[in-house]
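Computed from the coordinates by the stated procedures, all read-outs in this text should not be read as laboratory data. Only a predicted model underlies this, so the values are computations on that prediction, with no experimental measurement involved. Counting neighbours? That spans all protein chains shown, and the Cβs are built from the backbone with ideal geometry, glycine included.
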């Protein structure tokens, strides 16, 4: 399979799109992200900001990296060389919002996840999930997390929950949804102000908003003037596991060649440089 | 021996009047009728309990010619365009710091709620589960739906009818439509997912999961 | 009619009922409602509903004073983000700051005044009155009373000084400054006399950092991001970053070049660079006459001469050609800055080392007319009558064994220091320690009494100039939530203590509230008539001159605004004293001692690693579990990272327990092999333990810092350890 690094061809036809009627008036969008891993310092602000925004509970007692819920997770990868030639990179990995042959959508027996034809967002509605975890197996990016426990917050902290996101119960799978509740809020704001289109600045996911080095650029990949579209088309932008053909809408960008090569090999290798 | 029995049976059959239905059918019908009536007449009142509102608020007293308020005077939006629903006590306190009328409800409002600053725990007829997202601004301001389309005749009611709350799930019968005897799967002017879905289809508006869920 | 009801009749009856049941709503309704019931358990919390509004304040969880935009539902904070355009953080927050509003609900929050049992460390509640009367008794009987202010420079700091001034033997102290550009060494090697310095990133083309986490946490968020932006390939105004440290830190990984040196040899390395610069005449030409100790006997060049490149290379482990190339890079790509220290849990360098770093700065022209190091004036005090009558001294300057009663403020958000630094200042018999924090964080864990203060976002507080920022700045943090009834503001506690101890200053201390105190200080800042203010509400910056009265400044600062003083011109007309005010012998012998201590290759050094402020205090908001417990992104404090060869040489196995023993104690950690770690180094996080979302029942205060070797000058840069498997 040829490397399609650097090209961006978001598929407009999508067999996984729901067959519901599309809006006649609204403009079609394809929301995506470009993450500059040369700027990522591995600070984890995106992980924390995302969890707070999306009402993810703090770790249950006994939760670990396998059973915890981190809709965006930063992985560290090394170039595999020993000290002092070792160099590392941090990859924040959320749901890659696959556009084509979306694996989780095609396996879900409940239709709990679908690709929104209008925005391209792969939206998961946890209430509908029955917890079979087939999607977790299907997702090649390990971007899906299961609620092994009922969510509990320390006493009083439930007052700080975000009203725009519903808390899940145990037994359902959840994942990054590109903070589509913020898109909903942006639409509401535009409607209240009498506008037909949202202000793009009103819709930014929590991870992109909280990144201290602004490594995450978010926007509409179909809008050629937008920063995200331009960056996605750049020579050194790439996607993870391109050869699988999932056409993810999350791009990465690095000037370092060894980092770009990592995208094909699988991120788990060399997580701490041990090969 | 056999002959006697046969004779007895023949006699019994021959002696039956024409208009009485067979015995089996009677029991069948009896079972059917009893359960049907139980299911349609008694059961709704078993599964739903009547919950009275804490205050008998009269919409017409506020929207009528005397005061002339409009829906959006109390049921308004905040600066981000989010609908605020039923107003907080501070809205009532704008006028009702002292009893204004003669009713006991009015005095209850002023003394039990406005003075101590206690929120009234209204029973919300249209309460939906957490995962449902309904933006009023998009429906009322952008699509131009009138309040009455979904909230029927609230603005002219003189009291608040008791809410019929399901004992099992805690949600109101209003979600299914007003009529207590509506069959569960008959589309009516309710607020179930299928009702929203129907209207979206008819209006040609987008209808993806992420449009209505959060 | 018939002979009675027989079975067939019953069957028909049941049949009819069944059909009726199917046609009635009963089964369908029950199924429907049950399904809804199972999806809406009543123990799943329901988010709050209501009006959404935004409020603005300043974060107090570390000294960097980021501006915070708080999203509230009916005035209850539900989410935080940075204030766009704010000079200190420009719209960003760190992982800890993003969850600041959750600190109030931390499961380990100390609910009311408690005494701590000395042995079990379990807290027991005590009524406030009793606590105050007991503490007053201790204060009155004590031979020495001190306040250890972990966040000096705030308005409350002046009140502590006032209180202490009314005692016979009162000492106001704070942890030794470790800012990245400490004032001490700059002032000792030049005739400059400012109290603090910052760095002007916009002017800097090259930065060499000695252990300062330049790209992951030092400086303000805006500065970090700016350095990162300039450091990237293809940047229009590139800034090269060289990171000199032994630890494989995130900054080291992101810098242009990581120069790994053996632990403790950083200053020798700097001396090697100075050697090349002096020998090849690459130093800044503005250093003309009037410099002492640059050439000749007892001079920097004589000292540097004792450390030729071959020797430096042997000591530090860096190849000598690399040292030469680097020195030329630094000298030829000016403006350059040398940043040293600022390592949140590594403590400051020794004063001789600091002099060498400052000298390097001078040689490279960083301090001077074209320099990148800029002075920052002190902020005014909150009132003329509140001039400090007790001067503060650094913790290292407090005489040993002189403190009987110690009051600690700001343990949860200030610097994390080894307890030894504090304990050696306490009297050996029955010292009493009172902590005014609301969490069992950092040094607060060693207290005998805890009088919990309100949490961040629950009280008025102010934030002075953060580390490294190029100008003086001032921010205010306002209360957005109600503190619990049992929380006591430090000022209120101090008032009760002043009355109870009959302090001569009690009238003055009791005359004011925190809000008035801060407003007084704002008025004094207004009177300076300089600088500009960032108005967070309006999103614009205006000069002080354009304001009619200080009331406008108060309004802006109480809404997330930020005052910044004028940028000072570089310090000009300086003369330099290259070996400082100390006897040259001291610097020479200190360097020799360092060269010896750096020891053999088989010596294993313990290097603690952590983040600033609340980050290393050991108690963070529960959402930090995402990066500590639910992923491998940050290591908890019970993991020791070593290179595979060091591990194998000591008989260790990856993932198995290891005993880490120093001359001062030992601890059991989990070994983790990592081939990017230097041989002979054990890297251990200070801060979050695994599972800190759980409630702590006792105040156990030990972390890796407590087994570090503390030198007589209160530094702890190198500690030798022995590793053994369990």
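Hey, with R₀ at 35 Å, roughly what FRET efficiency would residue A:202 and residue B:71 work out to, going by the Cβ-Cβ distance, to 0.05? The partial results should precede the final answer.
Numbers: r = 27 Å, r/R0 = 0.76.
Once the sixth-power term is evaluated, E becomes 0.85.
Shape analysis of chain C based on the Cα gyration tensor places the equivalent ellipsoid semi-axes at 50, 33, 28 Å, largest first.
Here the residues A:188, C:226, ranked from fewest to most Cβ neighbours within 10 Å of their Cβ, fall in the order C:226, A:188. Size descriptors for segment C:183-376, from the alpha-carbon set: Rg then Dmax equal 15.5, 46 Å. Against the main long axis of the alpha-carbon atoms of chain C, helix C:584-597 sits at an angle near 50°.
Note on residue A:155 and residue B:134: the model spin-label points, each 7 Å out from Cα along the C-beta direction, lie 3.6 nm apart. Sorting C:501-510, C:83-92 by average packing, meaning the other beta carbons within 10 Å per residue, from highest down gives C:83-92, C:501-510. Roughly how far apart, in whole Å, are the Cα centres of segment C:154-207 and segment B:58-108? When both Cα centres are located, 58 Å separates them. Annotation for segment C:465-487 versus segment C:306-330: alpha-carbon center distance of 44 Å.
Between 0 and 90 degrees, the angle of helix C:490-500 with respect to the longest Cα principal axis of chain C falls at about 80 degrees. The mean number of partner chain beta-carbon atoms within 10 angstrom of a residue's beta-carbon across peptide C:85-94 is 3.
Multiplying each eigenvalue of the alpha-carbon gyration tensor of segment C:528-665 by 5 and taking the square root yields semi-axes of 47, 32, 11 Å, largest first, rounded to whole angstroms.
What the Cα atoms of segment C:234-315 give is an Rg and a Dmax of 15.5, 46 Å. Scoring C:277-285, C:515-523 by mean Cβ neighbours within 10 Å over their residues and listing the highest first yields C:515-523, C:277-285. Taking a point 7 Å from the Cα of residue B:56 along the Cα-to-Cβ direction, the residues of segment B:156-177 with backbone N closer than 16 Å to it are B:157-163.
Peptide C:201-207 is shielded by partner chain Cβ atoms: per residue, an average of 0 of them sit within 10 Å of its Cβ.
The mean of 1/r over all pairs of different alpha-carbon atoms in segment A:132-210, once inverted, gives a Kirkwood hydrodynamic radius of 15.1 Å. Shown here: segment C:395-545, whose C-alpha atoms stretch 56, 34, 31 Å along the first, second and third principal axes, sorted largest to smallest.
If every alpha-carbon in segment C:293-345 counts as one equal scatterer, what log10 I(q)/I(0) does Debye give at q = 0.13, 0.21, 0.29 1/Å? Per q value, in the given order, log10 I(q)/I(0) is -0.47, -1.03, -1.01. A P(r) calculated from all alpha carbon pairs of segment C:52-105, with 10 Å bins opening at zero, reads 28, 57, 15 percent. Spread over its residues, the convex hull of the C-alpha atoms of segment C:74-232 is 233 Å³ per residue. Contact order for segment C:52-105, expressed relative to its length and based on alpha carbon pairs under 8 Å spaced 6+ residues apart, stands at 29 percent. Among the residues of A:114-127, the average count of other protein chain beta-carbon atoms within 10 Å of the residue beta-carbon is 4. Just so you know, the Rg over Rh for the protein assembly as shown is 1.05, from Cα atoms, with Rh as the Kirkwood radius. Working from label points 7 Å from Cα in the Cα-to-Cβ sense, the residue C:529 to residue B:147 distance is 5.8 nm.
To make sure I understand, if each residue's beta carbon is the centre and we count other beta carbons within 10 Å, what order do A:74, C:639 fall in, fewest to most?
Numbers: A:74 26, C:639 18.
Listing A:74, C:639 from fewest to most nearby Cβ atoms yields C:639, A:74.
Averaging sequence separations of C-alpha pairs under 8 Å and six or more residues apart, then dividing by the length of chain C, give the relative contact order as a whole percent. That works out to 19 percent. Modelled this way, with points 7 Å down the Cα-to-C-beta line, the labels at residue C:370 and residue C:31 are 8.5 nm from one another.
Between 0 and 90 degrees, the angle of helix C:221-231 with respect to the longest Cα principal axis of chain C falls at about 60 degrees.
Starting from 0 in steps of 10 Å, tell me what percent of the Cα-Cα pairs of chain A lands in each bin. Whole-percent P(r) values from 0 Å outward: 6, 28, 37, 22, 5, 0. Each peptide in C:427-438, C:614-625 gets a packing score, the mean of other Cβ atoms within 10 Å over its residues, and the list from highest to lowest is C:614-625, C:427-438.
Full extension of the chain between residue C:333 and residue C:430 yields a length gain of 29.2 nm, computed as 0.36 nm times the residue separation minus the alpha carbon distance. Its DSSP H runs of at least 4 residues, each contributing -39,500 (n - 2.57), put the calculated 222 nm mean residue ellipticity of the protein assembly as shown at -7500 deg cm²/dmol, to the nearest 500.
Sorted into 5 angstrom bins from 0, the C-alpha pair distances of segment B:70-170 split as 2, 9, 16, 21, 21, 16, 10, 4, 0 percent. Given the C-alpha centroids of segment C:1-68 and segment A:76-151, what is the distance between them in whole angstrom? Each part's Cα centre sits 30 Å from the other's.
Fewest Cβ neighbours within 10 Å first, please rank C:22, C:481 accordingly.
C:22, C:481
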